[in-house]
Amino acid sequence: MITLYGCYRSRASRPLWLLAETGMEHTHVPVIQAYRLPDPGAPDAPVNTASPGFLAVNPIGQIPALVDGDLVLTESLAICLHLARRAGGPLAPKDEAELSACENWALFAATAIEPHSLPILQSQDPQVVEAEAAKLARGLARLEAHLTGRDWLSDRFTVADLMVAECLRYAQGHKPLMEAHPATASWLARCQARPAFQAMWQARSAEPA
């Protein structure tokens, strides 16, 4: 039985979107970040990343975490890759070559996209935002070249699209960056128009900020 720990307002949004795409049977255990609570250890505190029960699952106290039988995964993109392969179907890599490509896109998202997209969302310093946008533009140039003339990263929507789209989502409010990469912006809109993304986003919006 698959059990996913985490809340929608976290990187758990990635596997939660994937689970919505696949319809896989699973248990979702809402776990909130401890830093969002005034007293994570209070008797009436919700289950959070400092709760002993969750720390027994992931001792470093980060979400998401996935338990699938004896397997425990604690990195969102690794969880997505595992769930896609477990579910099979069009989201999953169809062969070893496509698996390697999906793994490459996951590492690309983690190293060339998210380290720069997240500060664009979070920073209040315009100089920091523009410096990170300039760094992100290098990764986006690679993505733009690949997506020009394509609808998806592969010949269909796969777990690779989901992972990269979620890492890029943080920066989509930076209009000059998106306007400079129209194929990427159109691709991101296609990803987010999918019913499973919309269902995930509705659930995320319903969570307390």
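Summary table below
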quantity: Test: residue in region 85-98 that is modelled with pLDDT of 95 or more, touching a Pro at 6+ places or on another chain (Cβ under 9 Å), within 27 Å of A34 (Cα to Cα) and not assigned by TED's automatic domain parsing to the domain that holds R156; calculated: no
quantity: Qualifying residue in region 121-132 (condition: in contact with a Leu (Cβ under 8 Å, 6 or more places away or on another chain), surrounded by 15 or more Cβ atoms within 10 Å (Cβ to Cβ) and assigned to a helix (DSSP H, G or I)); calculated: no
quantity: Matching residues, region 31-83, being hydroxyl-bearing (S, T, Y), assigned to a loop (DSSP other than H, G, I, E, B) and out of contact with any Gly (no Cβ under 8 Å at 6 or more places or on another chain); calculated: S51, T74
quantity: Region 187-198, subset of a type in the set (A, V, I, L, M) and surrounded by 15 or more Cβ atoms within 10 Å (Cβ to Cβ), residue farthest from E132 (Cα to Cα); calculated: A196
quantity: Verdict on L73 being crowded, with 20+ Cβ neighbours inside 10 Å, out of contact with any Ser or Thr (no Cβ under 6 Å at 6 or more places or on another chain) and more than 20 Å from A196 (Cα to Cα); calculated: yes
quantity: All positions within region 41-66 that are buried (at least 18 other Cβ atoms within 10 Å of the Cβ) and in contact with a strand residue (DSSP E or B) (Cβ under 7 Å, 6 or more places away or on another chain); calculated: N48, F54, V57, N58, I63, P64, A65, L66
quantity: Residue count for region 4-30, restricted to those that are assigned to a strand (DSSP E or B) and surrounded by 15 or more Cβ atoms within 10 Å (Cβ to Cβ); calculated: 4
quantity: Candidates T158, T184 - the one that is surrounded by 18 or more Cβ atoms within 10 Å (Cβ to Cβ), closer than 23 Å to P15 by Cα and touching a residue at least 60 places away in the same chain (Cβ under 8 Å); calculated: T158
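The values are calculated or read from the model by the stated rules, or taken from the named source; none is laboratory data. Because the structure is predicted, anything quoted here is derived from the model rather than measured. Cβ atoms come from the backbone with ideal geometry, glycine included; neighbour counts cover every protein chain shown.
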